[in-house]
Amino acid sequence: MVSKRIDLPPGVLQPREAVLKMAPYNPPTGGRAGKLRLDFNENTVGASPKVVEYLREQLSESGLAVYPEYEEVKPELAAFFGVETDDFTLTNGTDEAIQALINTYVDDEDEVLLLAPSYAMYRFYAEIAGATVREILYRADKLAFPLEELLEAIKPGTRAILIANPNNPTGTGTSRAAIERILDKATGAAVLIDEAYYEFSGVTALPLINDYPNLFVSRTFSKVYGMAAMRFGCLFSQSGNVEFIRKAQSPYSVNSLAVLAARAAIRDRTYIQKYVMEVLAARELLYVGLEKLGIDYYESQANFVLFNAGQRAIEIRDHLRSRGVLVRDRSYEIPGCVRVTTGTRDQIHKFLQELEAIW
């Protein structure tokens with residue numbers, strides 16, 4: 001497709017029409033150092049100390065001079081996730097998993113189904129590909145998963161369906177049985193189940209990959225593992241699908257440090273289990289605190305909670321930031337709503353204390 005000509009500033013090259021139509025995505029990632037980070041759903045205490053220790057042991061001048069090698073880490077990851085080594089590919093975070101799936105299965109003007117509101121990068125990569133994007137809204141009352149509405153929207157021409165389970169920013173999720181109904185209906189579509197927050201919900205579609213050739217599951221090390229800076233993830237599917245995914249993927253997109261960090265991270269299961277239990281306890285504490293303040297919220301299956309600040313959403317975000325506490329405004333998607341990451345109980349005590357002072 002040839003881009004439509006529009007007037008651009010001198011010296012600016014005409015981009016593809018799909019890029020012209022896109023809205024930019026500019027997450028507020030600057031100026032966060034030294035503050036309580038409850039805005040990006042990260043691990044709020046950091047990666048396992050064993051990850052840093054292992055990196056120090058393995059890092060060398062000669063190691064940095066060679067291209068990444070994945071042969072040693074893949075069997076470890078396969079055993080950890082309970083799959084075969086040919087059933088997944090390493091990715092540069094979940095973002096590359098989304099991009100690789102779109103690049104492999106979606107052509108210009110193909111239909112991609114998304115739920116809304118959800119992770120911005122689904123639309124981002126679908127629009128770059130020139131796809132026709134259709135959105136199905138989460139149910140307004142409790143932001144519940146719109147299963148029947150999604151099933152009705154699936155057509156023979158639907159090429160991809162991208163679902164976060166649990167969903168960001170709503171925190172709500174769906175069951176494995178519901179996912180199977182979607183897979184049964186969308187036999188001609190690549191169905192991605194993004195499980196970035198799986199550890200907090202316990203619901204996974206990963207055991208289904210051998211039963212459904214249209215199923216893809218992504219996992220990231222950016223959340224519970226505390227490795228957002230490393231950009232490491234995995235995309236799972238049947239081996240035949242993975243072979244095609246790799247054709248559409250850079251051979252060295254995951255760097256060697258991320259590979260080393262991932263090996264250390266999965267070896268320290270105790271650290272992850274303790275952090276998950278702490279987050280779940282803190283989430284209950286957050287519910288209680290919001291209820292005491294009379295603030296409505298949506299029950300979450302993830303490590304964050306969406307609450308309703310009404311007309312004061314942006315004001316609350318800014319006041320908290322001035323007090324050293326970062327939260328994320330989502331009122332542009334869900335009127336009045338602010339999202340707060342659930343960290344430790346001490347961190348939630350701090351958040352509630354500061355929120356009460358300005359509420």
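Residues in the range 144-163 that are open to solvent by less than 10 Å² (accessible area, probe 1.4 Å) and under 18 Å from the mean Cα position of the chain (by Cα): A160, I161, L162, I163. Of the residues K223, K185, the single one that is farther than 25 Å from R283 by Cβ and of a type in the set (D, E, K, R) is K185. The set of residues in the range 319-358 that are open to solvent by 70 Å² or more (accessible area, probe 1.4 Å), not in a loop (DSSP other than H, G, I, E, B) and not hydroxyl-bearing (S, T, Y) comprises H319, R321, R345, D346, H349, K350, Q353, E356. Of all the residues in the range 314-346, those that are of a type in the set (A, V, I, L, M, F, W, C), in contact with a helix residue (DSSP H, G or I) (Cβ under 8 Å, 6 or more places away or on another chain) and in contact (Cβ under 8 Å) with a residue 60 or more places away in the chain number 5. Within the range 97-127, count every residue that is part of a helix (DSSP H, G or I) and out of contact with any Gly (no Cβ under 7 Å at 6 or more places or on another chain). The total comes to 16. In the set A264, A228, only one residue is touching a helix residue (DSSP H, G or I) at 6+ places or on another chain (Cβ under 9 Å), in a helix (DSSP H, G or I), open to solvent by less than 40 Å² (accessible area, probe 1.4 Å) and within 18 Å of V45 (Cβ to Cβ); that residue is A264.
To keep it simple, each residue is scored yes or no on (1) assigned to a loop (DSSP other than H, G, I, E, B); (2) farther than 30 Å from D39 by Cα; (3) open to solvent by 10 Å² or more (accessible area, probe 1.4 Å); (4) not acidic (D, E).
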position: E180; (1), (2), (3), (4): no, yes, yes, no
position: L183; (1), (2), (3), (4): no, yes, no, yes
position: G188; (1), (2), (3), (4): yes, yes, yes, yes
position: L192; (1), (2), (3), (4): no, no, no, yes
position: T204; (1), (2), (3), (4): yes, no, yes, yes
position: D211; (1), (2), (3), (4): yes, yes, yes, no
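Remark: pairs (first residue in the range 92-119, at positive phi; second residue open to solvent by 10 Å² or more (accessible area, probe 1.4 Å) and basic (K, R); Cβ separation under 9 Å; 6+ apart in sequence or on different chains) = G93/R231. Looking only at the range 216-223, decide whether some residue is more than 21 Å from T170 (Cβ to Cβ) and either open to solvent by less than 30 Å² (accessible area, probe 1.4 Å) or in contact with a Lys or Arg (Cβ under 9 Å, 6 or more places away or on another chain) (or both). Yes: one or more hits.
Residues in the range 276-317 that are part of a loop (DSSP other than H, G, I, E, B) and of a type in the set (A, V, I, L, M, F, W, C) were compared, and the one that is surrounded by the fewest Cβ atoms within 10 Å (Cβ to Cβ) is L293.
Which of the residues that make up the range 6-63 are open to solvent by 70 Å² or more (accessible area, probe 1.4 Å), under 23 Å from N303 (Cα atoms) and assigned to a helix (DSSP H, G or I)? The answer is P49, K50.
The values are calculated or read from the model by the stated rules, or taken from the named source; none is laboratory data. These numbers were taken from a predicted model, which means no experiment stands behind them. Using ideal geometry, Cβ is built from the backbone for each residue, glycine included, and neighbour counts are taken over all protein chains shown. Surface accessibility is based on the protein's heavy atoms, side chains included, excluding ligands, DNA and RNA. Shrake-Rupley method; radii C 1.70, N 1.55, O 1.52, S 1.80 Å.
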